[in-house]
1. Measuring from centroid to centroid over Cα atoms, what is the spacing of region 28-73 and region 133-167 in Å?
2. Under the 0.36 nm per residue contour assumption, what length would be gained going from the current alpha-carbon distance of SER191 and PHE28 to full extension?
3. What's the exposure ranking of TRP57, TRP225, TRP356, going from fewest to most Cβ atoms within 10 Å?
4. Using a Cα-Cα cut-off of under 21 Å, which lysines could be cross-linked to LYS312, ignoring same-chain neighbours fewer than 8 residues away?
5. Can you compute 3J(HN,Hα) from phi for each residue in region 223-236, using the Karplus curve 6.51 cos²θ - 1.76 cosθ + 1.60 with θ = phi - 60°, rounded to whole Hz and x for Gly and Pro?
6. For Cα extents along the principal axes in Å, several values are listed as (i) 72, 54, 51; (ii) 69, 42, 39; (iii) 73, 55, 40; flag the one computed from this structure.
7. What FRET efficiency would be calculated for the residue pair LEU64, TRP178, taking the C-beta separation as r and a Förster radius of 35 Å, to the nearest 0.05?
8. What aspartates and glutamates sit close enough to LYS99 to cross-link, taking a C-alpha to C-alpha distance under 14 Å and skipping anything fewer than 8 places away on the same chain?
Amino acid sequence: MTASTGSGDVDPDYPIDPVPRHARQSLFSLSVVLLGFTFFTPTMLAGAQVGAAFEFWPLIGVLLLGSVVLGSYVAIIGGIGARTGLTTVMMCRYAFGAKGSKLSSLLLGGTQVGWYGVTVATLAHLVAQAAGWEGDGAQRLLMVAGGAAMGVTAYFGYRGMYGLSIVSVPLLLVLAGWVTYRSFDEVGGMSGMLDQRPTATMSIAVAVTIIVGTFASGGTQAPNWTRFARTPRQGLGAGLIAFFVGQFLMLFFGAIGAIAFGQPDFVLVLFDLGLVAWGLVFLVGNLWTTNDNTAYNFGVAGAEIANTRSKKPFVIGGVIVGTLLAVTGIYDNLVTYLVWLGIVIPPIGGVIIGDWWARWRGGIPDPSTFPFPSVRWGNVAAYALAALVAKASDQWSWGIPPVNGIVVAVVATVLLSRLRSVRLV
């Protein structure tokens, strides 16, 4: 494929162009970067929340079920990203049209800017707590410093994120494994863990919804990295490794630590064990490897909206906005809104999957020459229906809202495409 329209030099991360063969990466490299993305403290908190409601073996089953659901979805859309070589927002041009894709880019990029601010604030609060620094001034300085630092690796793109993740991911696994060992020792080994009884109640559907919801939105943007895979199978494999294996491990570590120490935050468990320095290492590495991926996401979304080959101005702009959200305290009011967007964003991935299945399985046209329609109203309608179903499912506590939205989006997109083909015949 040739370069698509736009101005300026080609960014080595190809935000609006298909990734050329010479820039493709190995399965190991992709897995490391995506594991860095999924190694996220809030995922551990979700594990702790679920862990309080189940005995040990049922807990393992629920964690596996939620991770399989999430991992399967991400693996499928990740494989499509590897086949096309395109980011999620660029694939939205095929699904929604040249102008129709702008809304999805705003949703995907805007959500990530908001989460960037929330993560920056979380980092500053916990670092200030560990250091014993009181007052808003110290925390705001930490927010500014953390926001700037975490944007650096995203600015340098895939290479920067891989360089950070190759160091932090093994270290995080070692620390998490050690705390898990201490957790089992704390309750008297495996027999003691099996004797633990739930302290809360939760249905399996709600538990799986929590697990899938932690990364359904982020997983929709997995093609931003799997497009670097050498084969679709590698893209699918990297999605499974990160969003099934990695997600399960983070949930498991969080649940076990909470059961043993009564502490829902893994970092605070390390603090309670007197390992403040290692707790800070875990905190910084854990949040940084996720937040630089977040910054990368809004960088490529901005490049798609502006149709420019450089993501860097949008990484810088998003980092500034996200850090301001943290410094001004607006992030306190963002979480509920962002979680709501986590329900309505996964159907975008469902439309992409359905559209690819119905129209592009034989190969996707070159974006530099393909005459994109302005808006593909059929797919917009399929998305709207799926988003409404996901929202209604959440409100009525029926099934797993993100999964319901994805399934409805896939089915509606395929059916509408086939109906249109019949009419043309």
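Bear in mind that the values in this text are calculations on the coordinates, not laboratory data. The structure displayed is predicted, hence computed values, not measured ones. A quick note on method: Cβ atoms are made from the backbone with ideal geometry, for glycine too, and the neighbour counts reach across all protein chains shown.
1. Using only Cα atoms, the two centres lie 24 Å from each other.
2. Values: separation 163, 0.36 × 163 = 58.68 nm, distance 3.63 nm.
Fully extending the segment from SER191 to PHE28 adds 55.0 nm.
3. If I rank by nearby Cβ atoms, fewest first, I get TRP57, TRP356, TRP225.
4. LYS102
5. Whole-Hz 3J(HN,Hα) from phi for region 223-236: x, 4, 10, 5, 5, 7, 5, 6, 9, x, 4, 5, x, 5.
6. The value matching this structure is (ii).
7. Values: r = 23 Å, r/R0 = 0.66.
In this case the efficiency is close to 0.95.
8. Those aspartates and glutamates meeting the cut-off are GLU304.
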